[in-house]
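Single-structure report; data block below.
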Amino acid sequence: MTNAEKRPNFLMIVADQHRADMIGAAGKFPVETPNLDALCARGTRFENAFTPLPVCAPARQSMLCGLNPDSYGAYWNFGFFAAASLSPNDYWPAQLQKSGYRTAFFGKWAASQHHGATEFGYDSYTGFAEHSALIAEKFPEHKGHGWFGGKSDLPLEFSKTHWLAGKAAEQIRSYADADEPWHIRIDYTDPHLPCEVSEPFYSRYAEADLPEWGGFSDPLTGKPYIQKQQQLNWGLDGMTWEDWLPCVRNYYGMVSQIDDSIGLMLKALEESGQLDNTVIFYLADHGDTCGSRGMIDKHYILYDDVVKVPLIVCGPAIAQGAVADELVSIGLDLPPTVDALFGVTSPEAQGQSMMPLMRGEHPEDWRKEIVASSNGQQFGFFNQRMLRDHSYKYVWNLTDIDEFYDLTVDPDEKENRIHLPEYAERISAMRKRLAELLKEQGDPFAKSSWLDRQLYEDKKQ
């Protein structure tokens, strides 16, 4: 059977905490990502892809079910306080499996606390237990670093990134001669802090004088209390860009290291003659501050630093070298897109298929705004909901001052303009629209008449 006669394969690669602007092809920062850049050239890069909730487990659950995580109680990661998670329900991996796809999952499984990947439609699951045992045997003196990361003492081929990608590459080659199409998913744990970077990627940026993030010099004036408190909780207040550079360099290094490991999978595809008949997705669950706003990690905020993510799609019938500017959700829109690409039918999702955008079309009826949410809990509960379009962002902070950013003049979201009278009408309209969308998505805070007044009547201090 020729490639033209076979149903396309599906390789899905998910990074953990990868900023949208940290891809060389995006042209914003001097990070080296030749393999991701090559995928951009082969396909479509989404300039405005967003996570529904910038925390690992809820975001990855949404990629399977296509639902707002808040709607079923997946407010945060497992292990802090009780949170809901998915149970098997014939989501798209199971649909692919039933339709004749061979399926395999490698890496971080975060979609369910009580059910494994094989219960969701994957024929096999390879986690990190084997890697941990290998490192304990071969490198018994191996040690890591603190939150800022550092130089790994592991040779590159033994790093988690390359071990994981190597396993996936082996699977790609083993599937090459089969008549059945396949789906492989790889979930990295990087570039999530701490970034333990192997050579040669640690040295690549070790002395680099890297530019500041756009939001680095944000004084946080007139913004919610918790944002400055975040710096204090982590002990980061008063740090200069020079202080942050070691952390930032490690982050750059890890992004390039991931990119290099992706090359192992692309080589396996090319050498086995499967590259042209494989749909490839590269995305992340959420971004990272990595010094932006003087913060680390991703909690208690809804800045683009953490809600905007990379999304690259390439493969048969997908526009090459294209950049889509439409607002898309890597959670809500992914299941309908998989259904359209591979001819399966998943449980109903809250998003829409990205196929028209991937063909280079620009539908007039595509969404004009997007929602994201956050439910902080590590340093105390703090709930927020975001409505963003191409020009403005409104953040509803249920128990603190709201935020409003005019992205046309302040793309780095430094000035909170929530009190400026010239924006009052627009803020009021965005509050009402946010309320409508939250109700449509089943958000628990959209059910309370006590809170309705904040959005429908502008009853905010």
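What the table shows:
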read-out: Failed criterion for E199 (all others in (1) within 21 Å of D305 (Cβ to Cβ); (2) without any contact (Cβ under 8 Å) to a residue 60 or more places away in the chain hold); value: (1)
read-out: Verdict on E157 being without any contact (Cβ under 8 Å) to a residue 12 or more places away in the chain and open to solvent by 30 Å² or more (accessible area, probe 1.4 Å); value: yes
read-out: A424 modelled with pLDDT of 95 or more, part of a helix (DSSP H, G or I), open to solvent by 20 Å² or more (accessible area, probe 1.4 Å) and of a type outside the set (V, I, T); value: yes
read-out: Residue list for segment 179-209, restricted to those being under 23 Å from the mean Cα position of the chain (by Cα) and among the aliphatic types (A, V, I, L, M); value: I184, I186, L193, V197
read-out: Identity of the residue in segment 118-141, closer than 20 Å to D190 by Cα and touching a strand residue (DSSP E or B) at 6+ places or on another chain (Cβ under 9 Å), that ends up surrounded by the most Cβ atoms within 10 Å (Cβ to Cβ); value: T126
read-out: Subset of segment 440-461 (residues that are assigned to a helix (DSSP H, G or I), free of Cβ contacts under 8 Å to residues at least 24 places away in the same chain and either open to solvent by 90 Å² or more (accessible area, probe 1.4 Å) or within 18 Å of H390 (Cα to Cα) (or both)); value: K447, W450, R453
read-out: Residues of segment 100-121 satisfying the condition of being of a type in the set (F, W, Y), touching a residue at least 60 places away in the same chain (Cβ under 8 Å) and not in a strand (DSSP E or B); value: Y101, W109
read-out: Selection count where residues are closer than 19 Å to W163 by Cβ and either touching a Lys or Arg at 6+ places or on another chain (Cβ under 7 Å) or among the acidic types (D, E) (or both), scope segment 244-298; value: 5
read-out: Options L302, L327: the member that is in a strand (DSSP E or B) and of a type outside the set (V, I, T); value: L327
read-out: Complete set of residues in segment 228-265 that are in a helix (DSSP H, G or I), over 24 Å from T33 (Cα atoms) and touching a residue at least 60 places away in the same chain (Cβ under 8 Å); value: Q229, Q230, Q231, N233, W234
read-out: Residue match in segment 82-91 (condition: farther than 30 Å from L387 by Cα and either buried (at least 19 other Cβ atoms within 10 Å of the Cβ) or in contact with a helix residue (DSSP H, G or I) (Cβ under 6 Å, 6 or more places away or on another chain) (or both)); value: yes
read-out: Qualifying residue in segment 305-319 (condition: farther than 29 Å from H419 by Cβ, touching a residue at least 12 places away in the same chain (Cβ under 8 Å), open to solvent by 20 Å² or more (accessible area, probe 1.4 Å) and not in a loop (DSSP other than H, G, I, E, B)); value: no
read-out: Scan of segment 62-73 for residues that are crowded, with 24+ Cβ neighbours inside 10 Å and of a type in the set (S, T, N, Q), ordered by number; value: S62, N68
read-out: Members of segment 83-134 found to be under 30 Å from Q378 (Cα atoms) and among the hydrophobic types (A, V, I, L, M, F, W, C), listed by number; value: A83, A84, L86, F105, F106, W109, A110, A111, A117, F120, F128, A129
read-out: Residues within segment 1-54 that are of a type in the set (A, V, I, L, M, F, W, C), open to solvent by 20 Å² or more (accessible area, probe 1.4 Å) and not in a helix (DSSP H, G or I), tallied; value: 4
read-out: Counted residues, segment 196-214 - those being in a loop (DSSP other than H, G, I, E, B) and surrounded by fewer than 21 Cβ atoms within 10 Å (Cβ to Cβ); value: 10
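To keep it simple, each residue is scored yes or no on (1) of a type in the set (F, W, Y); (2) touching a residue at least 24 places away in the same chain (Cβ under 8 Å); (3) on the phi < 0 side of the Ramachandran plot.
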site: I13; (1), (2), (3): no, yes, yes
site: D16; (1), (2), (3): no, yes, yes
site: C56; (1), (2), (3): no, yes, yes
site: M63; (1), (2), (3): no, yes, yes
site: A74; (1), (2), (3): no, no, yes
site: L86; (1), (2), (3): no, yes, yes
site: Y91; (1), (2), (3): yes, yes, yes
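The values are calculated or read from the model by the stated rules, or taken from the named source; none is laboratory data. In this text the structure is predicted, and so the values were computed from the model without any measurement. For neighbour counting, all protein chains shown are included, and Cβ atoms are generated from backbone atoms with ideal geometry for every residue, glycine included. Heavy atoms of the whole protein, side chains included, go into the accessibility calculation; ligands, DNA and RNA do not. Shrake-Rupley method; radii C 1.70, N 1.55, O 1.52, S 1.80 Å.
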